[in-house]
Structures are given as structure tokens and as C-alpha cells.
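The values are calculated or read from the model by the stated rules, or taken from the named source; none is laboratory data. The structure displayed is predicted, hence computed values, not measured ones. Using ideal geometry, Cβ is built from the backbone for each residue, glycine included, and neighbour counts are taken over all protein chains shown. In case anyone asks, the SASA skips ligands and DNA or RNA and just uses the protein heavy atoms, side chains included. Shrake-Rupley method; radii C 1.70, N 1.55, O 1.52, S 1.80 Å.
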Amino acid sequence: MQACLKKHIPMRNLLYIILMIAMAGIASPVFGLTVSPVKLEISGDPGQTLIEEIELLNEQSETKIFYSSFENFEPSGESGAPSFIGAKEGLATWIKTESQMTLKSNERKKISFSITIPKDAESGGYFAAIFFGSQAPKAQGGGQVTVGSKIGVLMLLRVSGEVKEGGGLLEFEGKDKQRFFSSLPITLAYRFNNTGGDRVMPLGEVKIKNSFGLTSATIPANKKEGNVLPNSARKFEVIWAPPEISEGGFWSAVKTEWSEFHFGWYTARINLAWGATNQNANAKYNFFIIPWQLLLIILIILAVLGFFGRMGLKKYNRWIISKAMQ
């Protein structure tokens, strides 16, 4: 893989706040441009030219000109968020499209772009984004560009050939290593490491069984189908939640514990499959559920019933004795 994917250049704070909103598929109400799709996963051979399309929607009340630009990206931390690293080489330099496009108010327009893969490109994964901004791009140091406010589409390209696969499940545990819970929701987390040459998408399930070995829940391990980029680790969360979660204090917790009653020792087992060779990974995590709020209410009720029961029994005994002495 080319060096541009291995170097790290810090994100520019304000710009990438806007970019992260864009990657979630939400256009800034001030910017007023929507792009779709927000992510493209494509593949091709060395020397091949790929033709793809992106749709733009100008949501503003006036005609606007938008400018295109390109940047490579790499993973930032373990959240799966992209960190953009300029366009000196790699996939960002292989993409061609119109440098600017004019859209009338509320006009939708499909924009074609091409990716020309070099004949000597190494097999594996390459990652970049096409941006559309409200200002013409200006070159900056390090091969980066700025175009003011901008949103874009993530490109995940796989160049065909023999690609090394490596990595696997690093850990599986409760969020913040928590083992004792009072009620649902319960958040479990796992970290997956990718040491191969292309992105991988771990898929599978988390099965939760109670003290009697009965299955209490089966949850997708990667519901949003997130990728793990090469030479990185990503953290995924799996949430065991009731259909409705009551928000509030003590009594809301009691309501949740009553409607979704769980008590005792539980075992969560994760089973994952990943990669072109369908490799497998699995692990387990044990935890306790003790619905103490509900148990406290039950104990109080039992104590009150016991107290009045004893009082009633004493009165009944005195009444029986008084009748017997008459």
C-alpha cells in the first residue's frame, strides 16, 4: 500500500466538524447541499478505469456553483471516523470529475466521475473522499486543499489481486468492563484488529444465555455493517435493550425491571466471520443482572404485608381467646 495511506496528518478542527456531519449524510442547513450515497464500496483491476455516479441536490433557494476536490483518508482512533490526509498520491489522485457544477434551486443532478487505477497499483484497499464545496479549492501545504464548507462521499476501493488478510478479535467485554447491571439496556463492546491489506467487515451475532442455559437474546454484532480499515483496530458496541427504554429516576428503573425482568448470571458469546476466506473469531463474557430497585420494592411490600399480617393474627388470636372464655 502506498505511503500516503500510512502517514498521519492531523485534522483541521472546524473543517472536519462539518465533514463528520456530512459523512453522516446530513447536510448543513446553511450549506444546503445533499449528496448521495454517502459511501461507495467498489473494486477494480490494475489498469482499469471505473465510471461511477453521485447525485447532488441543491436545497437552497437560489442557483449555486459547487466545486469538487479529493482527499485520501485513514482511520482516526477506534471509532471508525475518517482522518483526511491530503491528495499527494494514491486514490485521491486517480479520481477525475467536473471541477465545478451549477445547480438551480432544488435541482437534482447526477455527477459522473472516473477512477483510473494505475497498471502497477498494488492489490489491496485504497480510501479517499470526493468533496463538494461552496468555494473554489486553494492548494495548501502537504497536498491538502480547502474549499470552505464542504460535504462529500467516502470511496472504499479494492484493487483486485492477492491481498494479505490478518487480525481478529482483540477483546470482548462489558462497556467500561462493567459486570454488574440492575436492568436493561446492557452495553457490550468488542475490539477488532485488521492487519491485512484491505478493509474487512466483521459480521456475526452475540448470543446471551441465562443461568439455566436458555437464550435470552440474540443481537447482531455489527448492525451498521462498519468496516475496519487496514493497520487499525475498531471498537464496536452491541446493546441488549428492551423495546422501550424508560427514562427517568428510580421509578422508571423499577418499571423497566418489571417489564423486562432478568436476574442472575448471564453469559454473552460473540461469534464473528470476516474476510474473503471467511475466518472466524469468538469469545465470551460473563456478567450479573441484579434488579435491586425492583427487589427493594418487593421486599418493602413483603415487609409491610408481614407486619400487618402479624398484627391481624394477634387480633384474631385475642378474639378467639375472648370467645373461648365467654
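Quick look at the numbers
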item: Given (1) modelled with pLDDT of 95 or more; (2) over 19 Å from Ile111 (Cα atoms), number of the condition Lys96 does not satisfy; result: (2)
item: Residue among Glu107, Glu122 that is charged (D, E, K, R), under 17 Å from Glu53 (Cβ atoms), at pLDDT 95 or above and surrounded by fewer than 19 Cβ atoms within 10 Å (Cβ to Cβ); result: Glu107
item: Condition met for Arg179 (under 17 Å from Ala233 (Cα atoms) and charged (D, E, K, R)); result: no
item: Residue in the stretch 110-118 that is farther than 25 Å from Phe192 by Cβ, exposed (fewer than 13 other Cβ atoms within 10 Å of the Cβ) and touching a Lys or Arg at 6+ places or on another chain (Cβ under 6 Å) present; result: yes
item: Identity of the residue in the stretch 45-95, open to solvent by 40 Å² or more (accessible area, probe 1.4 Å) and among the β-branched types (Val, Ile, Thr), that ends up nearest to Thr195 (Cα to Cα); result: Thr93
item: Checking Ala241 against (1) open to solvent by less than 70 Å² (accessible area, probe 1.4 Å); (2) farther than 30 Å from His262 by Cβ, the condition it does not meet; result: (2)
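One line per residue, one yes/no per condition, for (1) outside any helix (DSSP H, G or I); (2) more than 30 Å from Thr218 (Cα to Cα):
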| residue | (1), (2) |
| --- | --- |
| Leu272 | yes, no |
| Ala283 | yes, no |
| Leu294 | no, no |
| Ile298 | no, no |
| Val304 | no, yes |
| Arg310 | no, yes |
| Lys314 | no, yes |
| Ile320 | no, yes |
| Ala324 | no, yes |
